[in-house]
Amino acid sequence: MQLILPTGRGRARDDSLKMCADQILELNKQSSQKMSSRGWCYFVEGFNLLSKGDFNKFQDVFNECRKKGYLPIDIVASDPKRTWVGVELPNSESPEQYLKRWLEGADMAQEYYTPDWWDGEEYYIQMMVEKIDLVHMFSPLCAEYHIPIVNAGGWYDILERSESANRFLEAEDNGLTPIILYFGDLDPWGIAISDFLHKGFEDIEVGTGWSPISLEVNRFGLSYDFIQDNHLTWIDNLVSGSGKDMSLMTNKIAVEYVAKYGVRKCEANAVMRLSARDATIQLCRNTIESYLGADVKDRFAGKREAIRDRLAKFKGDTGLDVALSKALSLISSID
């Protein structure tokens, strides 16, 4: 398959846009989830159909196809930085039905209450990834284990670091060992980012009051073996998103990388393929449970059950269970 980016004007351009859109829709069949428009650039590059120098042009063409209806306008994932706020939709239910739903929620408060999941644990884990699309991929899994996740976006910013540092500080005060799980590109800069995570936290030590001396960074992906085992595509260059050729860099990380892997790379977005999704999720799960243990969700379930028992006793002792039952019965008769 060869991806041909449209040129020209008028009908000829429209025809070529439609052809390009058809090719993108074929690639979309191999995608495991929605991606950002920039994520699409990395995804298509992963098939060796684009080079970094084509990214801006492809993104323009991709969005032009969306505007003209040749691609679904919602083919991309929503960008959290561009999400509308303040949107109010009128309730479709009656005020009485609305009140009933809130009373039902109050009766189920034990399911919404957040326990201290990390009480009695040995480790406190946070996750950083190099692309926003990986946040979308790993978020449901992280939610299972109550692990915060963030898009490091290359060289993550000060506020992002400080927020995670504050959580690590509290965790260490409670006797937990701080862990960062990192998933990024396999290229010199992707390795450098994970290698310098300690330095990034050291830079803000005075501002946050937390020292990363006990921090363990686990760069669990991408790895050479995972790429080979899952038949991910190597891109035969080391050009970065900013257009810099990492193969020409003379620092230790770049030199060692080229000596080990050659002048090639694999973008983290390669795991967006359907064929690699299950293996990627399992890799992440195995990495998490290597710290927390295979029975961790049973321990978390026990903490939820303790809240259920406590509130059930409270409602029984106070008669609140009877009062809520009567209120729900009364409002149901109004419906």
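Please report the carbon-and-sulfur percent of the accessible area for the stretch 258-320; probe 1.4 Å, protein heavy atoms only, DNA, RNA and ligands left out.
About 54 percent, which is the carbon plus sulfur part of the accessible surface.
I need the chymotrypsin sites (Phe, Trp or Tyr not before Pro) found in the stretch 66-162, filtered to DSSP loop residues with at most 10 other beta carbons within 10 Å of theirs.
Passing sites in the stretch 66-162 are Trp84, Trp155.
Can you compute the modelled spin-label distance between Ile281 and Lys199, with each label point 7 Å from Cα toward Cβ, in nm?
3.7
Select from the stretch 62-126 those GluC sites (Glu not before Pro) which occupy a DSSP coil region and have at most 12 other Cβ atoms within 10 Å, ordered by residue number.
Passing both the DSSP loop test and the Cβ count: Glu88, Glu93, Glu122.
Rounded to whole Hz and in sequence order, give me ³J(HN,Hα) for the stretch 3-15 from the Karplus expression 6.51 cos²θ - 1.76 cosθ + 1.60, θ = phi - 60°, writing x for Gly and Pro.
Each residue of the stretch 3-15 in turn: 8, 10, 7, x, 9, x, 9, x, 4, 4, 5, 4, 4 Hz.
Keeping all protein chains in place, calculate the accessible area per residue for the chain (probe 1.4 angstrom), answer in Å².
Accessible area per residue, the chain: 54 Å².
Using alpha carbon centroids, what distance separates the stretch 168-183 and the stretch 74-139, in Å?
What the calculation gives is 23 Å, centre to centre.
Roughly speaking, what is the centre-to-centre gap between the stretch 259-335 and the stretch 1-65 when only Cα atoms are used, to the nearest Å?
Using only Cα atoms to place each centre, the spacing works out to 37 Å.
Report the one residue of Val44, Ile288, Leu248 whose Cα lies farthest in the direction of the positive end of the charge dipole of the chain (charges on C-beta: Lys and Arg +1, Asp and Glu -1; origin at the Cα centre).
The residue sitting farthest along the positive end of the dipole is Val44.
At 7 Å along the Cα-to-beta-carbon direction for both Thr7 and Asp22, put a label point, then send me their distance in nm to one decimal.
Each label point lies 7 Å from its Cα, and together they span 2.1 nm.
How far apart, in nanometres, would the label points at Ala301 and Glu96 be if each is projected 7 angstrom from Cα along the Cα-to-Cβ direction?
For Ala301 paired with Glu96, the spin-label model returns 4.0 nm.
Among (i) 5, 19, 24, 23, 16, 9, 3, 0; (ii) 6, 27, 35, 24, 8, 1, 0; (iii) 5, 22, 29, 22, 13, 7, 2, 0, which is the computed P(r) over Cα pairs in 10 Å bins from 0, in percent?
So the calculated entry is the one marked (i).
Can you put Met19, Met128 in order of accessible area, largest first, using a 1.4 Å probe?
Correct descending sequence by accessible area is Met19, Met128.
For the stretch 172-253, which whole-number percentage of the solvent-accessible area (1.4 Å probe, protein heavy atoms only) is attributable to carbon and sulfur atoms?
Summing carbon and sulfur atoms, their accessible area is 48 percent of the total for the stretch 172-253.
Would you work out the relative contact order for the chain, in percent, from Cα pairs under 8 angstrom that are 6 or more residues apart?
Relative contact order for the chain comes out at 21 percent.
Lys/Arg Cβ at +1, Asp/Glu Cβ at -1, dipole of the chain taken about the Cα centre: which of Ser162, Ile235, Val258 is farthest positive-ward?
Sorting the options by dipole projection puts first Ile235.
Leaving out same-chain residues fewer than 8 places away, which aspartates and glutamates sit with a Cα under 18 Å from that of Lys67?
Asp14, Asp15, Asp22, Asp79
Given only helices, namely DSSP H runs of n ≥ 4 each adding -39500 (n - 2.57), what is the per-residue ellipticity at 222 nm of the chain, to the nearest 500 deg cm²/dmol?
After summing the helix terms and dividing by the residues of the chain, the value is -16500 deg cm²/dmol.
Straight distance only, please: which aspartates and glutamates reach the Cα of Lys315 with their own Cα at less than 13 Å, same-chain residues fewer than 8 apart left out?
Straight-distance partners of Lys315: Asp107.
At a 1.4 Å probe radius, carbon and sulfur cover how many percent of the accessible area of the stretch 9-57?
Summing carbon and sulfur atoms, their accessible area is 46 percent of the total for the stretch 9-57.
Given Lys18/Lys131; Lys57/Lys131; Lys34/Lys244; Lys81/Lys260; Lys34/Lys100; Lys34/Lys199, which pairs have Cα atoms separated by over 26 Å?
In this structure, Lys18/Lys131; Lys34/Lys244; Lys81/Lys260; Lys34/Lys100; Lys34/Lys199 lie more than 26 Å apart at Cα.
The values are calculated or read from the model by the stated rules, or taken from the named source; none is laboratory data. Values in this document were obtained by computation on a predicted structure and should not be read as measured data. Reconstructed Cβ throughout: ideal geometry from the backbone, glycine too, with neighbour counts over all protein chains shown. We work out accessible area using only protein heavy atoms, side chains counted, and drop any ligands, DNA or RNA first. Shrake-Rupley method; radii C 1.70, N 1.55, O 1.52, S 1.80 Å.
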